[in-house]
Amino acid sequence: MAKQILIPLPDVDFDVTEVAVPWHMLRAAGHELVFATERGDTPAADPLLLRGVLFGQLGADPEPKRFYHALTADPAFIHPRRWADLDVTDYDALLLPGGHAPGMRQYLGSEVLQRQVAAFWATGRPVAAICHGVLVLARSRDPATGESLLWQRRTTCLPAYMERLAYYLTAWKLGRYYRTYPAYVETEVRAALQQSGAFVRGPLTLGSRGSADDDRHAFVVEDGNYLSARWPGDAYLLARRLNARLAATRPRGSPAT
């Protein structure tokens, strides 16, 4: 049965692959993807990932770029909803993509979005986050306890070694483009967890990515209703795992058996 999946985004600078690949795969499975931005403005991906970060390299692969160009014609993407207006109980799943360029701070630091994410988390429905998107969950608080939503969960996110390497390779030309915040994503996510062992870095990955038909280089952590992934190279596998979770989830409003 078709499900509705909510994807909040910043106005600019989200990761091409982490949005376009799940959109393509989940829509192909028959699901409806609903986008939301802060003010309902049409969003746009990080342009450097479309044309190549440095000398035409380090950007999105050709297939995700094709998916993105198709995505920009989707009415749901062109006319997103507003974060503050969402009734999160209308959705069957929540997907939190990442991105590292400066425009992501609008999304990663929004208290309005964090409250909506916490409200959806309380439903117990599937939540998937990838790369910097995990920061949204780390920063969102359980209203009853005040702890991070990830306090008692296992998770991965963008590993510090990946963030560090990307920064060192490009800082001479792009400055802090790959350093969204002074602290590494991994550092902040680890600080949100009750137990240090709850962070799962995954296998060492230096450029090899998962694809539409090969998950050997991809990695996803599953903990109950929560799925997390490290970087764009995990986007295909994350979409597959979320699709499988949706297939096993009762439709909203259906009685328990």
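The values are calculated or read from the model by the stated rules, or taken from the named source; none is laboratory data. The model shown is predicted, which means the values in this text are computed figures rather than measured ones. A quick note on method: Cβ atoms are made from the backbone with ideal geometry, for glycine too, and the neighbour counts reach across all protein chains shown. The area values use the complete protein model at the heavy-atom level, side chains included, leaving out ligands, DNA and RNA. Shrake-Rupley method; radii C 1.70, N 1.55, O 1.52, S 1.80 Å.
Has the stretch 242-255 got any residue that is surrounded by fewer than 17 Cβ atoms within 10 Å (Cβ to Cβ) and assigned to a strand (DSSP E or B)?
Let us first name the residues in the stretch 242-255 that are surrounded by fewer than 17 Cβ atoms within 10 Å (Cβ to Cβ), namely 244, 247-248, 250-255.
Imposing the further condition that a residue be assigned to a strand (DSSP E or B) reduces the set to none.
No.
Taking the stated definitions as given, is THR180 assigned to a helix (DSSP H, G or I), of a type in the set (S, T, N, Q), in contact with a helix residue (DSSP H, G or I) (Cβ under 9 Å, 6 or more places away or on another chain) and within 19 Å of SER148 (Cβ to Cβ)? Please lay out each step first, then the result.
On the way: assigned to a helix (DSSP H, G or I): no; of a type in the set (S, T, N, Q): yes; in contact with a helix residue (DSSP H, G or I) (Cβ under 9 Å, 6 or more places away or on another chain): yes; within 19 Å of SER148 (Cβ to Cβ): yes.
When the stated conditions are applied, THR180 does not pass them.
For the stretch 1-93, which strands (runs of 3 or more DSSP E) that fit wholly inside it have 2 or more residues that are closer than 22 Å to TYR178 by Cβ and either touching a Phe, Trp or Tyr at 6+ places or on another chain (Cβ under 7 Å) or open to solvent by 10 Å² or more (accessible area, probe 1.4 Å) (or both)? Please lay out each step first, then the result.
On the way: elements: 4-8, 12-14, 32-37.
Filter on the stretch 1-93 gives 12-14.
Report the residue count in the stretch 1-55 for those that are touching a Ser or Thr at 6+ places or on another chain (Cβ under 9 Å) and either of a type in the set (Lys, Arg) or modelled with pLDDT under 95 (or both).
Residues in the stretch 1-55 being touching a Ser or Thr at 6+ places or on another chain (Cβ under 9 Å) and either of a type in the set (Lys, Arg) or modelled with pLDDT under 95 (or both): 3 in total.
Taking only pairs six or more apart or across chains, which ones have beta-carbon atoms under 7 Å, a first residue in the stretch 123-151 that is within 14 Å of GLU188 (Cα to Cα) and touching a residue at least 24 places away in the same chain (Cβ under 8 Å), and a second residue that is buried (at least 24 other Cβ atoms within 10 Å of the Cβ) and among the acidic types (Asp, Glu)?
Sorted first by the residue in the stretch 123-151, then by its partner, the pairs are CYS131/ASP15; CYS131/GLU18.
Could you grab me the full set of residues in the stretch 120-175 that are modelled with pLDDT of 95 or more, aliphatic (A, V, I, L, M) and in a loop (DSSP other than H, G, I, E, B)?
ALA122, LEU149, LEU150, LEU158
Going by the conditions given, is THR156 in contact with a Lys or Arg (Cβ under 8 Å, 6 or more places away or on another chain), surrounded by 15 or more Cβ atoms within 10 Å (Cβ to Cβ) and closer than 25 Å to ALA248 by Cα?
Working: in contact with a Lys or Arg (Cβ under 8 Å, 6 or more places away or on another chain): yes; surrounded by 15 or more Cβ atoms within 10 Å (Cβ to Cβ): yes; closer than 25 Å to ALA248 by Cα: yes.
Here the answer is yes, as THR156 does meet what is asked.
Tally the residues that are within 17 Å of ALA235 (Cα to Cα), aliphatic (A, V, I, L, M) and in contact with a strand residue (DSSP E or B) (Cβ under 6 Å, 6 or more places away or on another chain), restricting the search to the stretch 112-163.
Residues that pass the stated criteria total 5.
Please enumerate the residues belonging to the stretch 101-119 that are open to solvent by less than 20 Å² (accessible area, probe 1.4 Å) and outside any helix (DSSP H, G or I).
Here is the first cut: in the stretch 101-119, the residues open to solvent by less than 20 Å² (accessible area, probe 1.4 Å) are 101, 103-104, 107-108, 110, 113, 117-118.
Correct list: ALA101, SER110.
Could you look through the stretch 221-237, keep only residues that are closer than 12 Å to ARG154 by Cβ and touching a residue at least 60 places away in the same chain (Cβ under 8 Å), and pick out the one that is most open to solvent (accessible area, probe 1.4 Å)?
So the residue we want is GLY224.
Name the residues in the stretch 162-198 that are under 17 Å from SER228 (Cβ atoms) and surrounded by fewer than 16 Cβ atoms within 10 Å (Cβ to Cβ), would you? So that I can check it myself, show each step before the final result.
From the stretch 162-198, those under 17 Å from SER228 (Cβ atoms) are 162-163, 184-198; that's our starting set.
The answer is THR187, ALA191, GLN194, GLN195, SER196, GLY197.
Please specify each residue of the stretch 199-211 satisfying the condition of being aromatic (Phe, Trp, Tyr) and open to solvent by 60 Å² or more (accessible area, probe 1.4 Å). Walk me through it before giving the result.
Looking only at the stretch 199-211, we keep the residues that are aromatic (Phe, Trp, Tyr), and these are 199.
Result: no residue meets the conditions.
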